[in-house]
Each structure stands twice: as C-alpha cells, then as structure tokens.
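Read-outs throughout are calculated quantities, based only on the coordinates presented, and are distinct from any laboratory measurement. Nothing here was measured: the structure is a model prediction, and the numbers come from that model. All Cβ positions, glycine included, derive from the backbone under ideal geometry; neighbour counts span all protein chains shown.
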C-alpha cells in the first residue's frame, strides 16, 4: 500500500484583544485560549472490488514496480491486493490579536482523515478461471490481506487520536508572532510531526501483520489446497 499525505493549517476564528473596553492590564499578554482544542478522527471503511483481468506476468510487474513487493528473483505472483491510502491533517486555529500587534494562536480543531483513494482491489491471475480450486485458493489468501487492511484502519484511528491529543496537551501554546505565515508554518510542522509518526506506526503494524500472512508456511498451505498449479 502507498500513502499520500496532506497537511493544512487554517484560521478558524479571530478574537481581538486590545480594543476599547478591554482591561489595559491584559495588553501585551495572550491570556487563556478562547476555547479548548478538539481532535476529530475520520477513518472510513474501504470498499473491496475484485479484478480477474491480469496475467501472472502483469501482476508480478505491478507488485514490483508500483508497490515494491517481491519475494526474490523468479517469483511469480498469482494474486495481489492493492490500494492507495490518503492521510490528511487539517489544523484550524484560534487567534487573539494583542494590542501590540502580536498574534496569539492556539489550535482550535485538529482533524485527521484516513481513507483509501478508491477501493481495495483484490487481483487474481486470469490464468485461474473463477470456480476453479486455484482461483478459490488464491482468493482465500488475498482476503486475509483484506482483513489486515480493514483492521489497520481501526488502528489508524486509535493511534492518531492518542498522538494528536497528546500533541495538544504537550504543546507550548499559544504560538506568538507578528508574522502569520511564520505562525502557520510552526503549527504545521509541530502537528505534522505527531501525525506522520502515528501514521508510520500504524503502517509498520499493518506491514507486520501482512508479513504473517506472506510466509513460506502460508504459501505452502495455499498450494496444498489444490493438486496442481
């Protein structure tokens, strides 16, 4: 699986400090945030589709060139499960403008979205017609990978929520500066680090579980299901 990232920072609201009627003692300080930051995680369940149009040679090239899969020289791929994940982070901020022209910026709403770009596609080589023992055996193996990918989406949700909530709790907020683009860059870098780390941990766990499916013993069990290949 490949993962594409998008990280955005945008202002959600502005609260002005330093106008007429504000206690002058507060001038030059940021005070408390306008409201508590919230974390939202949106992880969607992927659709699964089946493709029986490619040859073993085409699947072998696809596995190697597009997804970096391979099990050594001479390997022939009978089945393959593919997809691309989009991991996106949006940080909406709350700003208080001080009377000295400095912006005080807090995270307001941090939203992480993880979804597949299109469906998970389960490929079975067209060499094996539907209904044959070989087709059923390959499909059975690939569906184990589908189960791993579906479970991994729940793992993304758990890890991202924990990481982003911790980032809010441990962050040194507000971020202050007269240059708003500098503040946005600092916010982006800070949350992006926690976000990418959590995604990488989820991907590592997903790869570990997939490796438990793609073992010599697992391949042997699949081959033993049919008399010939």
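Descriptive notes on the structure:
- Remark: the residue 113-residue 197 segment gains 28.8 nm on full extension, using 0.36 nm per residue and subtracting the alpha carbon distance.
- Inter-label distance for residue 55 and residue 220, nm, one decimal - labels placed 7 Å from Cα along Cα-to-Cβ: 3.2 nm
- By other beta-carbon atoms within 10 Å, ranking 52, 123 with the fewest at the front produces 52, 123.
- Region 89-200 shape via C-alpha gyration tensor axes, a/c threshold 1.5: prolate
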